[in-house]
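**Q** Okay, handing you the structure first.
The values are calculated or read from the model by the stated rules, or taken from the named source; none is laboratory data. Predicted model only: the values in this text are computed from it and were never measured. Ideal geometry is used to build each Cβ from the backbone, glycine not excepted, and the neighbour counts take in all protein chains shown. The accessibility values were calculated without ligands, DNA or RNA, using every heavy atom of the protein model including side chains. Shrake-Rupley method; radii C 1.70, N 1.55, O 1.52, S 1.80 Å.
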Amino acid sequence: MGFFYIAEKKKGGNTMIQKAIRKLSLPLFASAGITAAGLILYQRISLHRASRKGDKTPFESYTTPDGVSMAYERFGYGRPVVLLHSLHPGASRREWHPQIEKLAKDFRVYTVDLPGFGQSDKPTKPWTAYQYAKALHSFLSDVIGKPVALAAANGGADIALVLSMLYPEDLKKLVLISPEGIGRGFATPNDTQQLKKLLSPVIGTQAFLDGTSKKALRLLAEELFYQKERMPVDFVKNLKQNARYGKGAQASYAGYVTRFAAADTKQAFASLSLPFLLIWGERNVRNSAVYLEEAENLQEKGEFMLFEDTAALPHMENSKAFSQILKDFLSEEDLERKAM
């Protein structure tokens, strides 16, 4: 009897505990549900606001054979020059606006938003360097229709180098600003292992919103510029407008974090036979200037230049000096003709 009584008491005790746990769990689960619902609502509102506050700069549109719309602008008259932006969150063709006025006096200047950036379509999955090069080739062939001089910065410079390997007939000259593939090469498994999570709803969306918050973009901007006083007053605002704009903006951010479009462009650079100018910002903390020396060891041709007291965006941070150097390089063909 004694044993049976003790066992019965234990069983009853467990039943009471289980009921208590159930009673306690119901409000906890309900609270968690409310929190999750609130988070989803917050995310939807944030993304809706972003779609309303996107960049309103007027642009022309080109649709690739794959149905992707690319935003671009053109200025001036003369031989075609295409300007290609970096690949960080919020990057767009506006990066090159400080160069347009001077270049447009002598050249037909095109500024392009690559798919996933600026006012172009943002695919729902990250793109590879090959896909970007293919889309750029279609744009050059269909909109311009003849070889161009191409100036490109950072990740955009790697796209330009991939283009030079796949479609060398598209290019007459290259201006490259600190190509990331010369230093960092392909993405590693450690880089790409987060991709699935970053593309997921709720968790991935929150990571995207956190990574494109005004605070996060301000920190990014401070890495891009060495002399903060030279940063345009609306630079962070423009990053925020473009970083969250479009349904595929989260995928673009995931591609950036995981370096999905990264390419080892050492071979492409070593194989260049067309005239090129390679520029590096001396204070570039995102892609060290030590790689300029490595690049010089890869190539015997071309011109190399180190911009003092600038970081990843020398074409913005010292736009006046950069404009003159760029224009001189692009005009060298004219000087050679006059000498003949």
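**Q** State all residues of the stretch 95-115 that are among the charged types (D, E, K, R), more than 21 Å from E317 (Cβ to Cβ) and either touching a residue at least 60 places away in the same chain (Cβ under 8 Å) or crowded, with 24+ Cβ neighbours inside 10 Å (or both); if no residue qualifies, say none.
**A** D106, D113
**Q** Still on this structure, I have one more. Quick check: is even one residue across the stretch 117-136 farther than 27 Å from K247 by Cα and basic (K, R)?
**A** Looking through the stretch 117-136, none of the residues is farther than 27 Å from K247 by Cα and basic (K, R).
**Q** Looking only at the stretch 75-110, count every residue that is farther than 24 Å from K240 by Cα and assigned to a strand (DSSP E or B) and tell me the total.
**A** Final tally of qualifying residues: 8.
**Q** Then there's this: Considering only residues of the stretch 177-198 that are among the β-branched types (V, I, T) and modelled with pLDDT under 95, which is nearest to S323 (Cα to Cα)?
**A** By that ranking, first place goes to I182.
**Q** Kindly establish whether L83 is modelled with pLDDT of 95 or more and within 30 Å of G204 (Cα to Cα).
**A** no
**Q** Further question on the same structure: Give the stretch 269-281 a look and list any residue that's in contact with a strand residue (DSSP E or B) (Cβ under 9 Å, 6 or more places away or on another chain) and either without any contact (Cβ under 8 Å) to a residue 40 or more places away in the chain or among the aliphatic types (A, V, I, L, M) (or both), or say none.
**A** Scanning the stretch 269-281 gives L272, L274, L277, L278, I279.
**Q** What single numbered condition from (1) assigned to a loop (DSSP other than H, G, I, E, B); (2) in contact with a Leu (Cβ under 8 Å, 6 or more places away or on another chain); (3) surrounded by 15 or more Cβ atoms within 10 Å (Cβ to Cβ); (4) modelled with pLDDT under 95 fails to hold for L272?
**A** (4)
**Q** Of the residues A221, A243, A207, only one is under 24 Å from M70 (Cβ atoms) and either of a type outside the set (V, I, T) or surrounded by fewer than 20 Cβ atoms within 10 Å (Cβ to Cβ) (or both); which? Steps first, answer last, please.
**A** Details: A221 fails: under 24 Å from M70 (Cβ atoms); A207 fails: under 24 Å from M70 (Cβ atoms).
Sole residue among the options that is under 24 Å from M70 (Cβ atoms) and either of a type outside the set (V, I, T) or surrounded by fewer than 20 Cβ atoms within 10 Å (Cβ to Cβ) (or both): A243.
**Q** Taking the conditions exactly as written (in contact with a helix residue (DSSP H, G or I) (Cβ under 7 Å, 6 or more places away or on another chain), β-branched (V, I, T), closer than 24 Å to G248 by Cβ and assigned to a loop (DSSP other than H, G, I, E, B)), does T124 satisfy them or not?
**A** Judged against the criteria, T124 is a match.
**Q** Going through S69, S92 one at a time, which residue ends up being farther than 21 Å from S164 by Cβ and buried (at least 23 other Cβ atoms within 10 Å of the Cβ)?
**A** That would be S92, the only listed residue that is farther than 21 Å from S164 by Cβ and buried (at least 23 other Cβ atoms within 10 Å of the Cβ).
**Q** Please determine, by comparing only the residues of the stretch 57-77 that are of a type in the set (F, W, Y) and in contact with a helix residue (DSSP H, G or I) (Cβ under 6 Å, 6 or more places away or on another chain), which one is farthest from K134 (Cα to Cα).
**A** F75
**Q** Return a yes/no flag: does the stretch 128-151 have any residue that is part of a loop (DSSP other than H, G, I, E, B), surrounded by 19 or more Cβ atoms within 10 Å (Cβ to Cβ) and modelled with pLDDT of 95 or more.
**A** no
**Q** Being in a loop (DSSP other than H, G, I, E, B), over 15 Å from A153 (Cβ atoms) and either open to solvent by less than 10 Å² (accessible area, probe 1.4 Å) or of a type in the set (K, R) (or both) is the filter here, so list the residues in the stretch 303-325 that pass it.
**A** none
**Q** Shifting gears a bit: Scan the stretch 282-291 and tell me whether some residue there is under 20 Å from the mean Cα position of the chain (by Cα) and open to solvent by less than 20 Å² (accessible area, probe 1.4 Å).
**A** yes
**Q** Whether any residue in the stretch 294-302 is more than 27 Å from G204 (Cα to Cα), without any contact (Cβ under 8 Å) to a residue 40 or more places away in the chain, assigned to a loop (DSSP other than H, G, I, E, B) and open to solvent by less than 70 Å² (accessible area, probe 1.4 Å) is what I want to check.
**A** Within the stretch 294-302, one or more residues are more than 27 Å from G204 (Cα to Cα), without any contact (Cβ under 8 Å) to a residue 40 or more places away in the chain, assigned to a loop (DSSP other than H, G, I, E, B) and open to solvent by less than 70 Å² (accessible area, probe 1.4 Å).
**Q** Can you name every residue in the stretch 59-74 that is assigned to a loop (DSSP other than H, G, I, E, B) and either touching a residue at least 40 places away in the same chain (Cβ under 8 Å) or within 15 Å of W96 (Cα to Cα) (or both)?
**A** Across the stretch 59-74, the qualifying residues are F59, T64, P65, D66, V68.
**Q** In addition: Output the residues belonging to the stretch 158-179 that are among the acidic types (D, E) and buried (at least 24 other Cβ atoms within 10 Å of the Cβ).
**A** D158
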